[in-house]
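Beneath this line is the structure, given in structure tokens, with notes to follow.
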Amino acid sequence: MTIFKALTIAGSDSGGGAGIQADLKTFQMLDVYGMSAITAITAQNTLGVHGIYDIPLEGIEKQIDAVLSDLGADAAKTGMLSQPEIIELVAGCIRKHGLKRLVVDPVMVAKGGASLLAGNAQNALREKLLPLAALVTPNIPEAEVITGLSITTIEDMKEAAQRIVREFGAGAAIVKGGHRSGEPTDVLYDGEAFHLLTAERYETRHTHGTGCTFSAAICAELAKGKTLLEAAHTAKQFITLAIRHTLGIGAGHGPTNHWA
Ligand code: PLP
């Protein structure tokens with residue numbers, strides 16, 4: 001039996017709905033062996049983020065080196081990297097280990113409003129990390145910060161995805177449409193063509209961790225050797241079901257359902 005392996009380099013969500021916890025649950029559900037390098041610990045529940053504790057740079061580097069020098073990874077993803085120094089360090093590790101199938105989820109703000117990316121970290125994200133990404137997965141507000149565009153239409157989403165590839169050197173970009181009203185259509189630009197991914201919208205406040213789960217699902221599929229387009233379609237299905245069957249736990253924005 002071939003074991004496919006994926007590494008997430010991201011923050012911990014003590015509430016289990018987002019971050020490392022969402023990534024590992026997603027990897028498991030998609031039959032991929034999951035490994036983690038934790039960049040920050042958040043004290044968090046469905047009501048919000050109550051504390052953020054960055055892991056020292058040396059500790060982040062040692063986790064990545066330990067995993068990749070022994071187990072190896074067929075694909076990797078990054079999530080919360082809150083400081084420019086952390087982004088630079090992680091980018092250096094990715095280059096050093098020659099990780100190719102890298103999904104970058106440019107995490108900036110939690111649904112409750114807490115900032116997960118320092119204001120002075122945006123340049124490091126653009127300049128150091130995006131050029132290493134096989135795929136970048138911003139939502140609309142994140143795509144606006146990265147590109148400086150104001151995004152309202154599908155055409156705007158296309159332009160943003162194309163810019164992330166052409167200007168910042170990512171292999172591909174998928175701009176997620178969940179923040180627009182109507183059907184949540186995502187726009188994928190793979191360097192050659194645009195692909196639209198659509199789904200039905202389900203109204204629920206329990207969408208905590210959707211971005212983490214979606215990018216982890218793509219990472220898992222890439223680890224199995226799937227094409228970018230196949231991986232994106234599987235991830236879209238996975239996250240749509242996870243939202244549709246949310247668990248409804250917690251008094252605030254609850255987690256999606258990774259078992260769905
Ligand atoms: N907490 C951590 C550690 C995360 O990595 C993320 C991911 O984006 C979030 C919280 C935000 O989750 P959400 O915006 O879905 O609430």
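The values are calculated or read from the model by the stated rules, or taken from the named source; none is laboratory data. None of the values given here were measured: they were computed from a predicted structure. Here the Cβ is made from the backbone with ideal geometry for all residues, glycine too, and neighbour counts use every protein chain on show.
Table for the structure above
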| read-out | value |
| --- | --- |
| Check on residue 74, farther than 21 Å from residue 13 by Cα and touching a residue at least 60 places away in the same chain (Cβ under 8 Å) | yes |
| Only listed residue being crowded, with 20+ Cβ neighbours inside 10 Å, touching a residue at least 12 places away in the same chain (Cβ under 8 Å) and part of a helix (DSSP H, G or I), chosen from 151, 218 | 218 |
| Restricting the stretch 224-245 to residues that are closer than 20 Å to residue 139 by Cα and among the basic types (Lys, Arg), the residue that is surrounded by the fewest Cβ atoms within 10 Å (Cβ to Cβ) | 244 |
| Test result for residue 32, at negative phi, surrounded by 19 or more Cβ atoms within 10 Å (Cβ to Cβ) and touching a helix residue (DSSP H, G or I) at 6+ places or on another chain (Cβ under 6 Å) | yes |
| Flag if residue 14 is in contact (Cβ under 8 Å) with a residue 24 or more places away in the chain and closer than 25 Å to residue 130 by Cβ | no |
| Test: residue in the stretch 8-25 that is out of contact with any strand residue (DSSP E or B) (no Cβ under 8 Å at 6 or more places or on another chain), within 19 Å of residue 218 (Cβ to Cβ) and modelled with pLDDT of 95 or more | yes |
| Residue match in the stretch 187-204 (condition: of a type in the set (Gly, Ala, Ser), touching a residue at least 40 places away in the same chain (Cβ under 8 Å) and away from the ligand (no atom under 16 Å from the Cβ)) | yes |
| Options 252, 248; residue that is surrounded by fewer than 17 Cβ atoms within 10 Å (Cβ to Cβ) and away from the ligand (no atom under 14 Å from the Cβ) | 248 |
| Test: residue 218 is over 19 Å from residue 46 (Cα atoms), at pLDDT 95 or above and within 16 Å of the ligand (Cβ to nearest atom) | yes |
| Residue count for the stretch 93-136, restricted to those that are part of a helix (DSSP H, G or I), touching a helix residue (DSSP H, G or I) at 6+ places or on another chain (Cβ under 8 Å) and of a type outside the set (A, V, I, L, M, F, W, C) | 6 |
| In the stretch 108-136, residue nearest to the ligand (Cβ to nearest atom) [restricted to those that are farther than 23 Å from residue 52 by Cα and either of a type in the set (A, V, I, L, M) or in contact with a strand residue (DSSP E or B) (Cβ under 7 Å, 6 or more places away or on another chain) (or both)] | 136 |
| Qualifying positions in the stretch 24-33 - within 15 Å of the ligand (Cβ to nearest atom) and over 15 Å from residue 105 (Cβ atoms) | 25 |
